[in-house]
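Student: Supplied in structure tokens, the structure appears directly below.
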């Protein structure tokens, strides 16, 4: 598939010298829809990939790149300032905020997106009290999750790998120091980051933005404790999600197929067939619209 080959080239951190043929308008639509426009723009502007690309495509993607740079800086500076007001509160950054400076060589390669942090329930009030500029906008999951906002920036607070998931211990115990955000700030371990990523994808019925599979690709390149991942996935009811996410990672990025296979749990025949149907429906990145209810039906199969 020409489009997928072009996407692979543009999202590689070591891109080839030439861009595979693909319709420029469709390519731009897909890159923007999947959160890949800033990374693609950087590659087109700084490597040989951009030599024969239509100027209109480059200009369109450059606009996205510039917007993401500004948005990422605003969000990360705001989050850093909030967490520094509560330096003794243990907190684990999640999602784009954790990944952009860790998995990516440039902070503009990935939109930070929604700011999310994990905090133990007993520590949340301390953060809310210290972050005077932020007010609780809403709570969910019987108060276990909350959104703090100052009217401009929102920060999602949760106590689990995903909102409403089982309350965590390992996420906090295995976190890696992230001193740029404060003395008690951390990012997830590689294994927990992988589990959090596929939980997010499962919550969307695997119809997740391709940027989350770039996250997964880069996590699969890291040394991972396969036994821990498989055991934790089973205990969190994420085995079907892990099976499906590793199949999709191998489909989108064949270079990590072997690493993905090492983490793929065995499923019973009926489970495997059901998951593979979900995977097949998510394989085409150009399919930007799906039948009403398709994501809900897929979630019944893969979501915990």
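Student: Identify the single condition in (1) surrounded by 17 or more Cβ atoms within 10 Å (Cβ to Cβ); (2) farther than 25 Å from residue 120 by Cβ that residue 191 does not satisfy, given that it satisfies every other one.
Tutor: Here residue 191 clears every test but (2).
To keep it simple, each residue is scored yes or no on (1) modelled with pLDDT under 95; (2) assigned to a helix (DSSP H, G or I); (3) under 29 Å from residue 6 (Cβ atoms).
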residue: 223; (1), (2), (3): no, no, no
residue: 229; (1), (2), (3): no, yes, no
residue: 232; (1), (2), (3): no, yes, no
residue: 256; (1), (2), (3): no, yes, yes
residue: 276; (1), (2), (3): no, yes, yes
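Residue-wise test of (1) under 30 Å from residue 5 (Cα atoms); (2) in the same structural domain as residue 184 (by TED's automatic domain parsing).
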{"residue": "36", "(1), (2)": "yes, no"}
{"residue": "58", "(1), (2)": "yes, no"}
{"residue": "107", "(1), (2)": "yes, yes"}
{"residue": "118", "(1), (2)": "no, yes"}
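Student: Separate question: For the structure I just gave you, tell me whether residue 247 is part of a helix (DSSP H, G or I) and under 27 Å from residue 170 (Cβ atoms). Full working, then the answer.
Tutor: Numbers: part of a helix (DSSP H, G or I): yes; under 27 Å from residue 170 (Cβ atoms): yes.
Spelling it out, residue 247 is indeed part of a helix (DSSP H, G or I) and under 27 Å from residue 170 (Cβ atoms).
Residue-wise test of (1) in contact with a helix residue (DSSP H, G or I) (Cβ under 9 Å, 6 or more places away or on another chain); (2) in the same structural domain as residue 94 (by TED's automatic domain parsing); (3) crowded, with 21+ Cβ neighbours inside 10 Å; (4) closer than 29 Å to residue 15 by Cα.
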| residue | (1), (2), (3), (4) |
| --- | --- |
| 227 | no, no, no, no |
| 230 | yes, no, no, no |
| 251 | yes, no, no, yes |
| 255 | yes, no, no, yes |
| 258 | yes, no, no, yes |
| 268 | no, no, no, no |
| 276 | yes, no, no, no |
| 283 | yes, no, no, yes |
| 294 | yes, no, no, no |
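Student: Considering only residues that are touching a residue at least 24 places away in the same chain (Cβ under 8 Å) and under 22 Å from the mean Cα position of the chain (by Cα), look in region 54-66 and name the one that is nearest to residue 183 (Cα to Cα).
Tutor: Of the residues in region 54-66, the ones touching a residue at least 24 places away in the same chain (Cβ under 8 Å) are 54, 56-57, 60-61, 64-65.
Those still in the list that are under 22 Å from the mean Cα position of the chain (by Cα) too: 61, 64-65.
Working: 61: 37, 64: 33, 65: 31 Å.
This residue is 65.
Student: Let me ask you something else. Only one of 112, 68, 92 is in a loop (DSSP other than H, G, I, E, B), in contact with a helix residue (DSSP H, G or I) (Cβ under 7 Å, 6 or more places away or on another chain) and at pLDDT 90 or above; which?
Tutor: Only one candidate passes the filter, namely 112.
Student: Same structure again: With the checklist (1) modelled with pLDDT of 95 or more; (2) outside any loop (DSSP other than H, G, I, E, B); (3) in contact with a helix residue (DSSP H, G or I) (Cβ under 9 Å, 6 or more places away or on another chain) in hand, flag the one item residue 49 doesn't pass.
Tutor: (1)
Student: Out of 262, 240, which single residue is in contact (Cβ under 8 Å) with a residue 12 or more places away in the chain, assigned by TED's automatic domain parsing to the domain that holds residue 193, crowded, with 18+ Cβ neighbours inside 10 Å and under 26 Å from residue 170 (Cβ atoms)?
Tutor: 240
Student: Of these, 23, 5, which one is surrounded by fewer than 21 Cβ atoms within 10 Å (Cβ to Cβ), without any contact (Cβ under 8 Å) to a residue 24 or more places away in the chain, more than 18 Å from residue 215 (Cβ to Cβ) and out of contact with any helix residue (DSSP H, G or I) (no Cβ under 9 Å at 6 or more places or on another chain)?
Tutor: Working: 23 fails: out of contact with any helix residue (DSSP H, G or I) (no Cβ under 9 Å at 6 or more places or on another chain).
Just one listed residue meets the conditions, 5.
Student: Continuing with this model, one more query. Only residues that are more than 20 Å from residue 253 (Cβ to Cβ) and surrounded by fewer than 17 Cβ atoms within 10 Å (Cβ to Cβ): list them for region 33-52, please.
Tutor: Answer for region 33-52, where residues must be more than 20 Å from residue 253 (Cβ to Cβ) and surrounded by fewer than 17 Cβ atoms within 10 Å (Cβ to Cβ): 45, 46, 48, 51, 52.
The values are calculated or read from the model by the stated rules, or taken from the named source; none is laboratory data. Just so we're clear, the structure is a prediction, and the values are computed from it rather than from any experiment. Quick reminder, even Gly has a Cβ in these numbers, built from the backbone with ideal geometry, and neighbours come from all protein chains shown.
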